[in-house]
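The values are calculated or read from the model by the stated rules, or taken from the named source; none is laboratory data. Here the structure is a predicted model, which is why all the values come from computation and not from measurement. Because the Cβ atoms are built from the backbone with ideal geometry, glycine has one as well, and the counts that use them run over all protein chains shown.
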2 protein chains.
Amino acid sequence: MAKTLTKREENYSQWYNELVVKADLAENSAVRGCMVIKPYGYSIWEKMQAALDKMFKDTGHSNAYFPLFIPKSFFSKEASHVDGFAKECAVVTHYRLKTDEKTGEIVVDPDAKLEEELIVRPTSETIIWNTYKNWIQSYRDLPILVNQWANVVRWEMRTRLFLRTAEFLWQEGHTAHATKTEAIEETERMIGVYADFAENWMGVPVIKGYKSENERFAGALDTYAIEALMQDGKALQAGTSHFLGQNFAKAFDVKFTDKEGKLDHVWATSWGVSTRLMGALVMAHSDDKGLVLPPKLAPIQVVIVPIYKGEDQLKQIDEKVNVIKKALEDKGISVKYDNRDTFKPGWKFAEYELKGVPVRIAIGSRDIENNTLEIARRDTFEKVTLSQEGIEKYIEDLLNEIQKNIYQKALNFRKENTFKANTYDEFKDIIKNKGGFVLAHWDGTSETELKIKHETKATIRVIPFDAEEEEGSCIYSGKPSKKRVLFAKAY
Amino acid sequence: MAKTLTKREENYSQWYNELVVKADLAENSAVRGCMVIKPYGYSIWEKMQAALDKMFKDTGHSNAYFPLFIPKSFFSKEASHVDGFAKECAVVTHYRLKTDEKTGEIVVDPDAKLEEELIVRPTSETIIWNTYKNWIQSYRDLPILVNQWANVVRWEMRTRLFLRTAEFLWQEGHTAHATKTEAIEETERMIGVYADFAENWMGVPVIKGYKSENERFAGALDTYAIEALMQDGKALQAGTSHFLGQNFAKAFDVKFTDKEGKLDHVWATSWGVSTRLMGALVMAHSDDKGLVLPPKLAPIQVVIVPIYKGEDQLKQIDEKVNVIKKALEDKGISVKYDNRDTFKPGWKFAEYELKGVPVRIAIGSRDIENNTLEIARRDTFEKVTLSQEGIEKYIEDLLNEIQKNIYQKALNFRKENTFKANTYDEFKDIIKNKGGFVLAHWDGTSETELKIKHETKATIRVIPFDAEEEEGSCIYSGKPSKKRVLFAKAY
């Protein structure tokens, strides 16, 4: 079959690239580094969006929309921010094309040069804080709890579908607060929302923690992240929440009068997740047969395939299936009945395995006689033949069971692939030969972190929130350390 | 009060501009021609999106996402398309900024010039048909029924919030079909969906029809549109659906094998509505006190304002309101209880009138004694005092009644402002002195249409689908005509 995948063991990277394309999630476009998100892939993203959007609203946020373009001068206002993003910006310099009079070709009109170049937003702190300046005068105007769903562009040189693309889709929350404490609470709240989403919707266990100074967002005082472990032993940063202090308020002169009438700069956070989560979802659970999707994010939760000879049998099955389908849909379960006669059952089985549909029901003419059907789980490949009676309750429970099982499997994998290293030799051995998360002592300096990165390609993913206090010494420098941090090679 | 609006009679245009800003719908940004859609405005747009998205899915469409950028060469492939859009394009020419060594300023890095310029999409036919080329080989791959929610950029010189902005949000459907008939049916289906949405959700009556050749989409064989009449007697095009024939399939060489094994070019449609609908919504219904929103699109359907002296009274009212609020929410009605003590009831009344909340409930301490409350309608300003018993059913019915009334009022307005002109003098008089829709005979030539436009600023909005067959002669040229077409000055 044309759709056979490279095995993960043979070449994990190639397996991923093939799976994303063959399962109709996304493909490369004619524009360097930009992807096309195909309808099936987009329908998963829509489910992610809907769940996240509800979580944002339940925590008091509203959506808004800010311009795609950012005047170049805005970037220069926050020094570390421009350092972080200037090297990967798409720059708009002209606003018109014209037909060249000599060649007849379409060319950029030199007379339509912009006075100030516009940057296609790589992130929106600058344009948003320039806007907030007009929205905030008093403590009564605070907090501002706004989120934006948008496309952003970062001109990455080496791109991979979902994981690293020049244009990607994301949400970016931008909040403004009267106090430092409130802003830090918001930063924590949102990393908590992301962890909740990753674990309870995506079925991907994550470790929450602080980023080291090296890995912080350009312009943040503190960055919190959630880190997930992929099946090849590499880490993937799945979401970040930044405490921005008063940096952007100072850069854009955003002040407010507090209850006592005193003027102060506003405190800020920003937080985001992107279509990168699609990459995490694929890599965390899928297998050599294709996608494995958690039921809560599966566009099709149950597929029904008829096994028949001739139109009479099909007609009998159709009638029965319509009843079953209705009963399942009444429980809020999304069902596809694939009775196309242009494809054989075996082809369909492989196709829906590739697409990661959690539950497959097969029903043949013998099942009609016996009032039975065959149920197959995508996550374990287990099959069982059951009576049609009360099947909707069984399926409902099974979907919950699969959701839990996928998470548990990923959690077990992470446990088996999280190691403690007490010496640098041990550390290097694990990183080189096993991969996975490595908990090790670190002296807290950027210098040491960068040397370890240079020598092993492993970086500090996070300093876990729940790291135990423990006397130890840095694996690299031998200097004293009070807790272990989480190292890994990362996407 | 600072929030008083200019009256419509005094200056309709200024009234609109003020209302959009003061009601917190949108504002101009620091980027020329680009707007910020504020949370309250965006929440209306979200309701529009949700309703439209469901209608698209109910008619078999899926969402997908295509790149923001279009290579310049793609534009040149469909001749009339590039003519239509080349003059208003944002062009990306570089992919990096750098710090100038001499001045220390952030400048565009001349070494990072793109080999081929990229256009920020003004519409996506070209990039999408270049993608479809790889998706379509056989009739089995058809139809493709895809929609995209996206931002687009058209470098308009004169911009107005929602009505005409350099960047705007929209959806663009792009479908591919095996036959001409099927593509035309799709084009018709989608203009029908738009009309349904405009009338039944926005409460805006529209006239469906064909665009004249002059007003067609660049690259279309036929454009269908819905046209609405605003309170100042000008028309607003609220949605378009294009039959593209095989133009884009030919430009991008997209062929398929039909059931008989014959190769043919694919047939196409595209259709879109944008944040311009927000402008239509505001202008169709609102009054000198502020927005009037149809309940189906109102972010807050009912606001409850307590009238009290002292904390004890407020506490009593709070308790009662919580019960009423819960009963309303159980019916799916969105309710805001504004018991802030920083604002007086009169201020709140004006504020929610400005924001267009369809129903206001006021409840005071005497109401607590009498088990009553006061209900005020935004659309008619009618007030009534009723028993609290069964109030949720009353409000539910009232919201339906307001939805209908708003539509009926707009429909009556349109009827009163739709005229027949039989001579050019009559025509000019109506256009100049009354405004509104004018039904008149036209000889079918672009020449005549352009002359009328030049002399009166009125254009043919549509040739109505339901225009009656009628012998007549063109108001301008006197040549024979078989039906009247719809003229107006337009936004």
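Which of the following residues is acidic (Asp, Glu), surrounded by fewer than 22 Cβ atoms within 10 Å (Cβ to Cβ) and within 30 Å of A:Ala376 (Cβ to Cβ): A:Asp330, A:Asp264, A:Asp253?
A:Asp330
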Could you identify the single residue in A:Lys383, A:Lys393, A:Lys409 that is within 30 Å of the chain's Cα centre (by Cα), of a type outside the set (Val, Ile, Thr) and either at pLDDT 95 or above or assigned by TED's automatic domain parsing to the domain that holds A:Ile317 (or both)? A:Lys409
Residue check for B:Glu182: touching a Pro at 6+ places or on another chain (Cβ under 7 Å) and more than 15 Å from B:Arg461 (Cα to Cα): yes
Selection from the stretch B:83-108 of residues more than 7 Å from every other protein chain (Cβ to nearest Cβ) and of a type in the set (Ser, Thr, Tyr) yields B:Thr99, B:Thr103
Filtering the stretch A:45-80 down to residues that are surrounded by fewer than 19 Cβ atoms within 10 Å (Cβ to Cβ), part of a helix (DSSP H, G or I) and more than 7 Å from chain B (Cβ to nearest Cβ) yields A:Lys47, A:Gln49, A:Ala50, A:Ala51, A:Asp53, A:Lys54, A:Met55, A:Lys57, A:Asp58, A:Ser73, A:Ala79, A:Ser80
Pairs where the first residue, in the stretch A:28-40, is in the same structural domain as A:Ser274 (by TED's automatic domain parsing) and the second is of a type in the set (Lys, Arg) and surrounded by fewer than 22 Cβ atoms within 10 Å (Cβ to Cβ), C-beta under 8 Å, 6+ apart: A:Tyr40/A:Lys355
Is one or more of the residues making up the stretch A:439-447 modelled with pLDDT of 95 or more, under 24 Å from A:Gln231 (Cβ atoms) and either surrounded by 13 or more Cβ atoms within 10 Å (Cβ to Cβ) or not assigned by TED's automatic domain parsing to the domain that holds A:Asp222 (or both)? yes
Could you go through the stretch A:315-327 and let me know if any residue there is at pLDDT 95 or above and part of a loop (DSSP other than H, G, I, E, B). no
If a residue must be in a strand (DSSP E or B) and either of a type in the set (Val, Ile, Thr) or more than 12 Å from chain A (Cβ to nearest Cβ) (or both), how many such residues does the stretch B:131-167 contain? 6
crowded, with 22+ Cβ neighbours inside 10 Å and in contact (Cβ under 8 Å) with a residue 24 or more places away in the chain: is that true of A:Val152 in this structure? no
Scanning the stretch A:218-246 residue by residue, the ones that are touching a Lys or Arg at 6+ places or on another chain (Cβ under 8 Å) and outside any strand (DSSP E or B) total 4
Identity of the residue in the stretch A:7-44, away from chain B (no Cβ under 14 Å) and of a type in the set (Gly, Ala, Ser), that ends up surrounded by the fewest Cβ atoms within 10 Å (Cβ to Cβ): A:Ser13
Within the stretch A:160-196, restricting attention to residues that are β-branched (Val, Ile, Thr) and out of contact with any strand residue (DSSP E or B) (no Cβ under 8 Å at 6 or more places or on another chain), which residue is surrounded by the most Cβ atoms within 10 Å (Cβ to Cβ)? A:Val193
I need a count of the residues in the stretch A:109-130 that are in contact with a Pro (Cβ under 8 Å, 6 or more places away or on another chain), in a helix (DSSP H, G or I) and more than 9 Å from chain B (Cβ to nearest Cβ). 0
